[in-house]
Amino acid sequence: MNINDLWEQPIKSSGENGIFRKQDWIKEADGKLISAELLRDCAIQKSHELESIKKICDKNGVRAASSDIIKIIDIKCSANKSSILLLGYAIELLLKAGIVSLLISAPKHLLERKVKDYSHKLLNIADDLQLTLSVKERALLTSLSSYIIQETRYPLTPKSTDDYCNRSNLITLFVSDNEKFLCGVNLFHRLRKFMIDIDGTPDNPKFHSRMGMEQNGYVIFRAGGTLPPIIIIKFCDSQINSDLNTLSHVRYLLSQKNKDDMSIHSRLMEKAWVRAIFYLVDKKKGLIKIDVKP
């Protein structure tokens, strides 16, 4: 099988590996969180070390060697900054694990394209997964997206000396905020449970199916687990040429099918239509989420 044929293969619910397997994303996310927490512990230890040195020096009326203090502070700041970077990556990997489940039965190239399109925009992924987030959690995801891209990876691009100092102080305050870090860790664990349950629970099993439309069109349906119903549509060439590339036409075809040859999946799809989230497959743009008026 050549690479083009591989990318056209649908993502299976079992037997996949790498980026096409949800569990592999979760495993990578777990590893990043472990590293983030180890670095955070290192930063906390260095804070305690600084406090201990200060107490000893105050007690003995001496000053610590500035080179020793600077070295400890550098380690502390570096560990804090890297822990935020890895925490952001851990949450990003978890969120993208959910996209694997969202795109079950879709061609593999759509997943690769969608993951790249998201880049590090954590809030965009969370919104596509219909996650319920607090105001604080949404603000944290927005900040982490920025820190993944810029603040924890590259030097600042200052407009002036004052701007450099002000922004450096803000970054130091953010990466040193243990409460924010803990909020991120708690969010990670909540998201992880969501991703485990996304493919169904005993009380809410997952259903998915794929139905073809002529030669090169299809409709993918997914419902159950922690996701709302998802319908992905790729219109066939004849529908596009005849201006029948509309949701109403697909719904009409579905109702006609259910009159003649109803299956459990086609029945569930028709029943879930009014509350489903729709995506269209575009040749140039990949997967596009569309707003449907009630």
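The set of residues from segment 199-227 being in a loop (DSSP other than H, G, I, E, B) and over 13 Å from LEU268 (Cα atoms) comprises ASP199, PRO202, ASP203, GLU214, GLN215, ASN216, GLY225, THR226. Residues that are surrounded by fewer than 20 Cβ atoms within 10 Å (Cβ to Cβ) and of a type in the set (Ser, Thr, Tyr) were ranked within segment 92-135; the one that is farthest from ALA29 (Cα to Cα) is SER105.
Do the conditions hold for ILE277, that is, is it loosely packed, with under 12 Cβ neighbours inside 10 Å, aliphatic (A, V, I, L, M) and farther than 11 Å from VAL219 by Cβ? When the stated conditions are applied, ILE277 does not pass them.
Taking the criterion of being assigned to a strand (DSSP E or B) and surrounded by 15 or more Cβ atoms within 10 Å (Cβ to Cβ), would at least one residue in segment 190-198 satisfy it? No: zero hits.
Among the numbered conditions (1) in a loop (DSSP other than H, G, I, E, B); (2) under 28 Å from ILE11 (Cα atoms); (3) of a type outside the set (Val, Ile, Thr), the only one that LYS159 does not meet is (2). Somewhere in segment 57-80, is a residue buried (at least 21 other Cβ atoms within 10 Å of the Cβ), in a loop (DSSP other than H, G, I, E, B) and in contact (Cβ under 8 Å) with a residue 60 or more places away in the chain? Looking through segment 57-80, none of the residues is buried (at least 21 other Cβ atoms within 10 Å of the Cβ), in a loop (DSSP other than H, G, I, E, B) and in contact (Cβ under 8 Å) with a residue 60 or more places away in the chain.
Sub-6 Å Cβ pairs linking a first residue in segment 166-178 that is at pLDDT 95 or above and in a helix (DSSP H, G or I) to a second residue that is among the basic types (Lys, Arg) and surrounded by 14 or more Cβ atoms within 10 Å (Cβ to Cβ), at least 6 apart or interchain, are VAL175/LYS81, ordered by first then second residue.
The values are calculated or read from the model by the stated rules, or taken from the named source; none is laboratory data. What you see is a predicted model, and the numbers here were worked out from it, not measured in a lab. Glycine also receives a Cβ, built like all others from the backbone with ideal geometry; neighbour counts cover every protein chain displayed.
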